[in-house]
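Notes to accompany the following structure.
The values are calculated or read from the model by the stated rules, or taken from the named source; none is laboratory data. Just so you know, these numbers come straight off a predicted model, no measurement behind them. Because the Cβ atoms are built from the backbone with ideal geometry, glycine has one as well, and the counts that use them run over all protein chains shown. When the accessible area is computed, the model is the full protein with side chains, heavy atoms only, and any ligands, DNA or RNA have been set aside. Shrake-Rupley method; radii C 1.70, N 1.55, O 1.52, S 1.80 Å.
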Amino acid sequence: MMDLSFAWPHPRFSTEVGEVSFRLHTFDNVFGLDPASTTVETLDGGVLRVRADRLSWAGGQATTEGSVVATLKPVDGELEIGVTVNHTEAVRSVVITLHDQPVGDIVGLREGRLTIPREGRAVRYPDGWFDLSSPAFALQSADGVTTIRSLDDRPRPKRFAFLPSFRDPERMNVELIVEAEAQRSGVTFTAPAWRVSVSQPVDAMLARHRRHVESAYPAPEWAEREDVPVWMRDVSLVVTLHGRHFTGHVFHDYAAMLDSIRRLADRVGGERILAYLPGWEGRYYRWYGRYGADPVLGGDDGFRALMDGAHDTGARVMPMYGANIAARDLPGFERWGEPGILRTPGGFPAVGSVDWDGSRHYDFAGGALINPAYEPWRTHLIDQIAANHAHFGFDAAFLDISAMHGNDPAGDTTAGLQALVDGLRARMPGLMIGGEGWFDAIAGHIPLVQAGHRNYVPVLHDQPDEELFARTNRLFGHVSMADPAFGSSGVHEAGWVDAWRLPVRRAIIPTLNLVGGSLDAAPQRVDEILDDARRYAGEYLGKTSPVSSRR
């Protein structure tokens with residue numbers, strides 16, 4: 001982890017959770033409190049108020065205009081920390097440092113427990129795939145447990161840095177960093193309050209945080225969601241039918257997809273199946289932004305036959321679309337895409353790519369990330385989904401990368417996602433919406449999501465507070481999960497993966513990922529997943545499925 005190469009003597013303030021200090025960042029530099037201009041006042045109830053009327057910079061060697069006011073107050077066994085800062089330039093972020101904490105493990109993440117290596121570690125929120133789906137976690141060491149949670153009511157970016165001391169590797173600094181929203185950046189920023197405790201059990205903290213999230217981001221319980229169609233409440237198996245890879249390699253054409261659906265419907269009942277189609281539109285990701293039946297896979301007639309045949313079995317179908325990405329060389333991109341390209345808070349285009357063709361260079365600039373807050377992009381995408389829906393009659397639309405969050409000066413990506421989903425539902429009432437990834441602020445936007453992945457092994461959502469997710473949402477296996485026969489991740493860039501089966505739990509719908517030949521090459525593993533689907537239907541849907549015929 002990168003860090004400053006000098007010691008900055010920030011003023012520290014003693015609290016029940018240890019010593020605390022403050023700093024702020026603009027888009028140009030970093031600033032602390034000027035010790036000579038800082039006062040501390042103790043108020044009723046043990047409240048500590050810190051005020052600095054000037055700021056330090058250059059590691060404490062110089063001072064400048066600006067101010068910091070921090071309040072530290074005990075509340076129900078937690079220390080609440082609030083900070084307001086002012087600078088002559090726009091404020092980018094505010095940092096609270098908890099000093100000299102015992103080195104231990106981070107708990108409360110999607111991955112469960114993470115160790116902190118000698119070089120340090122950082123985690124972030126919001127992240128729809130890894131790290132924190134909600135800004136609450138704990139540090140566990142031989143000395144005890146420290147719990148940390150944010151009282152924010154907006155998904156502002158937060159980063160948490162864990163930095164073992166160079167001189168004492170048994171101690172570390174913990175940085176709580178929150179960014180100002182780039183659309184609202186200004187010279188004054190009031191950071192959302194933090195709650196920190198060294199006496200609170202982790203379960204109690206998570207329960208408190210869950211109540212806060214439910215208040216900050218109201219979302220109906222799963223059983224009451226009006227955006228979940230009746231047929232979805234019968235689904236106990238999601239079948240991922242990989243289509244055409246970025247390179248053009250075909251795993252299934254439309255006829256092969258239908259054959260697999262029919263064979264599985266005979267085993268578990270078609271009404272239990274939601275067929276998910278990544279790579280249905282042609283070369284996966286290569287033509288994101290242009291959607292229609294692929295002639296290589298069977299064209300319009302083949303895709304319509306797939307829809308009709310699946311419906312004849314009782315199964316439902318969900319093609320995949322990109323919520324916020326498109327190929328730059330599509331006609332009209334300069335109008336409906338280019339102006340909406342996602343940007344960082346500093347105004348730079350957000351970039352990111354994967355190794356689609358095994359070249360190992362990760363330099364595929366053909367696809368651009370687009371902020372869904374950009375209305376022409378939303379219109380372009382909604383028009384295509386609506387036209388395909390009218391033409392083919394599928395039951396659901398999957399929005400790839402829907403949990404992307406970017407602190408874009410041009411627009412709020414989470415508000416843009418909600419506008420996209422609202423636009424789809426207005427045009428196609430009753431259409432089921434699925435998406436990739438999840439964090440707390442989008443719980444009410446999309447009911448069904450795909451589990452994330454780290455190092456291309458699907459995360460099974462085994463986080464300590466499962467109820468935070470399970471109350472409102474359901475998930476199924478990520479597109480990168482292995483097929484049960486070969487370990488193939490199909491159209492996904494993960495290549496070969498070990499994980500091919502999900503645990504049977506209330507919030508996790510059993511998922512079967514198929515590439516060409518999977519059903520025949522691994523019949524025993526397929527049987528295990530189909531048995532999971534029957535068990536899920538019986539335990540969580542209160543319904544039975546046909547007895548296995550072991551075909």
Restricting to the stretch 191-226, what's the tally of residues that are touching a Gly at 6+ places or on another chain (Cβ under 9 Å) and within 27 Å of E539 (Cα to Cα)?
4
Please name all residue pairs, on different chains or six or more residues apart, with Cβ atoms under 7 Å, provided the first residue is in the stretch 346-361 and is under 18 Å from I325 (Cα atoms) and the second residue is acidic (D, E) and loosely packed, with under 11 Cβ neighbours inside 10 Å.
S353/D363
Number of the condition not met by G430 [criteria: (1) open to solvent by 10 Å² or more (accessible area, probe 1.4 Å); (2) in a helix (DSSP H, G or I); (3) out of contact with any Gly (no Cβ under 6 Å at 6 or more places or on another chain)]:
(2)
Exactly one of these conditions fails for V145: (1) part of a loop (DSSP other than H, G, I, E, B); (2) surrounded by fewer than 20 Cβ atoms within 10 Å (Cβ to Cβ); (3) touching a helix residue (DSSP H, G or I) at 6+ places or on another chain (Cβ under 9 Å); (4) not small (G, A, S). Give me its number.
(1)
Among the candidates D301, D312, D266, D259, residue that is acidic (D, E), farther than 24 Å from F476 by Cβ and either touching a strand residue (DSSP E or B) at 6+ places or on another chain (Cβ under 6 Å) or in a helix (DSSP H, G or I) (or both)
D301
Residue list for the stretch 384-398, filter: over 20 Å from R233 (Cα atoms), aliphatic (A, V, I, L, M) and either touching a Cys at 6+ places or on another chain (Cβ under 6 Å) or crowded, with 18+ Cβ neighbours inside 10 Å (or both):
I385
Pick from the stretch 103-140, criterion open to solvent by 30 Å² or more (accessible area, probe 1.4 Å), in a strand (DSSP E or B) and not aliphatic (A, V, I, L, M), ranking: farthest from D203 (Cα to Cα)
R121
Considering every residue within the stretch 27-44, establish whether at least one is touching a residue at least 60 places away in the same chain (Cβ under 8 Å), surrounded by fewer than 16 Cβ atoms within 10 Å (Cβ to Cβ) and within 34 Å of the chain's Cα centre (by Cα).
yes
Answer yes if at least one residue in the stretch 362-374 is surrounded by fewer than 16 Cβ atoms within 10 Å (Cβ to Cβ) and out of contact with any Asp or Glu (no Cβ under 7 Å at 6 or more places or on another chain), and no otherwise.
yes
Which numbered condition R263 fails, given (1) touching a residue at least 60 places away in the same chain (Cβ under 8 Å); (2) surrounded by fewer than 24 Cβ atoms within 10 Å (Cβ to Cβ); (3) over 19 Å from I529 (Cα atoms):
(3)
Name the pairs: first residue in the stretch 413-429 and more than 19 Å from H391 (Cβ to Cβ), second residue open to solvent by 50 Å² or more (accessible area, probe 1.4 Å) and of a type in the set (S, T, Y), Cβ to Cβ under 8 Å, at least 6 apart or on different chains?
G416/Y374
